[in-house]
1. Once Lys and Arg get +1 and Asp and Glu get -1 on their Cβ, which of 81, 308, 22 lies farthest toward the positive end of the dipole of the chain?
2. Sequence gap of 8 or more, or different chains, plus Cα separation below 24 Å: how many lysine pairs satisfy both in the stretch 120-203?
3. Once you place label points 7 Å from the Cα toward the Cβ at residue 349 and residue 216, how far apart are they in nm?
4. State to the nearest 20 debye the size of the charge dipole of the stretch 11-178 about its Cα centre, where the only charges are +1 on K and R beta carbons and -1 on D and E beta carbons.
5. Using alpha-carbon positions, what is the distance between the centroids of the stretch 89-147 and the stretch 262-301, in Å?
6. When only C-alpha pairs under 8 Å and at least 6 residues apart count, what is the relative contact order of the chain, in percent?
7. Which three lengths, in whole Å and largest first, does the chain cover when its Cα atoms are put on their principal axes?
8. Sort 168, 52 from largest to smallest accessible area, using a 1.4 Å probe on the heavy atoms of the protein chains.
Amino acid sequence: MQNFNFNNPVRVIFGKGTIARLGPEAAKAGKKALFVYGGGSIKKNGVYEAVLKTLAENGIETVEHSGVKPNPVLSHVREGVKKAIAEKCSLVVAAGGGSVIDESKAIAAGTRYAGDVWDFFIDKARAKEALPIFTVLTLPATGSEMNSGCVVTNEETKQKYSAGAPVLFPKVSILDPETTIGLPPAQVANGAVDAIAHLVEGYFTTPDPDNAVTDEMVHALARSVIASTERILKDPSDYNARASMMWSATLALNGLASCGYGRMSFINHAIEHSLSAFYDIAHGAGLAIVMPAWFKHHLANGGEERLAKFGAAVFGSGNAQETIKAFEAFFKKAGAPVRLSEAGIPAGDIPAIAANAMGLIKLWGVKADQAEVEKILSGAI
Ligand code: NZQ
Ligand code: ZN
């Protein structure tokens, strides 16, 4: 088990009816909020009205910044920065999934930075200040509501890159599982795959796998994600399954489920970001394609013991091959694509995808070259 620092300052308010608690919390940070949301799902499920009501009741004026795209784009982030500065907003309120929260984080930091916000994504600068961020999560998946990272796509250069800094931790995140009851099945699948991906990246790439506490946490969270997803698929109105899913996905990427793993590699994410950058595919769907292929590669490169351990704890079979099959069966059952062709991505594009992935691989310090990435992707044909 390697040395680690763990600090998570996000105040989570979890449960039914908790959006009303947003206003009193946000009022401690300021009186004018940039209210960021996406394509309108929050207007269908009551979240929009609930957010406006609690903010107004607590004396907070709102300036809306809507139209955040899934896989948020840099041009829209830049617009948000301009708006927040022009309107002198003193806080940011995000209501939606990971895309909305990530764009909000980028805007919050960009507003307090003299240069271009993209600098944070290419390691030209690190965010030192940001407007305080408040979130209302409506899609369990990314963990953005309780971590300090954000992902934005530069649509001109086709780079889907990430930024991170302690100032990007939200101050308060509201997690009301009832907001997820109407999620389309495809988003349920994407969220489940993403949460699983966050658990397995560290588990399978840690240089120091003798770490019982974190391993067992990963096993438990993975079992919870799988069981909750199966219940949600059977009965979308199952509140306790929605609640377990929401909290599991948050815990999967809030720092806890990788303590002591040391320098791990986010290789599946690095490759997936290129699929999203090129084809605008949902992050979870891209991961469901990359992960089985990477597992096969990992098995051929010394991963047998960990795959068998994970399989025994999560899928009830201590055989590495069976573990890979079980991952793939779960992704398929949830409704995610597991091959490039299922997402309409031609195998002939693999060299270009791999070349694009090398940008992030280098930036993140992942040990892989383009030939290796091409080999991994060839397992996804
Ligand atoms: O735009 P709206 O209308 O809100 O609709 C969204 C969007 O179309 C919809 N949706 C969200 N909540 C809903 C809902 N529809 C009905 N009912 C609800 N309650 O779902 C669609 C997808 O939303 P999005 O926010 O894009 O999904 P997700 O939460 O999976 O976020 C994906 C983004 O987060 C990044 C991904 O790369 C991707 O860009 N990630 C962020 C991370 C982080 N900050 O830590 C880590 C992850 O690994 C990931 O990279
Ligand atoms: Zn992810």
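1. The listed residue farthest towards the positive side: 22.
2. Details: 124/158; 124/160; 128/160; 128/171.
Going through the stretch 120-203 pair by pair, I get 4.
3. Result: 4.4 nm between the two label points.
4. It comes to approximately 240 debye.
5. 23 Å
6. Numbers: 778 pairs, mean separation 61.6, N = 381.
It comes to 16 percent, rounded to a whole number.
7. Principal-axis extents of the chain (Cα, largest first): 59, 43, 43 Å.
8. Numbers: 168 5, 52 50 Å².
In descending accessible area the options line up as 52, 168.
The values are calculated or read from the model by the stated rules, or taken from the named source; none is laboratory data. These numbers come from a predicted model, not from an experiment. Ideal geometry is used to build each Cβ from the backbone, glycine not excepted, and the neighbour counts take in all protein chains shown. Each accessible area value is taken on the protein alone, full model and side chains, heavy atoms only, with ligands, DNA and RNA left out. Shrake-Rupley method; radii C 1.70, N 1.55, O 1.52, S 1.80 Å.
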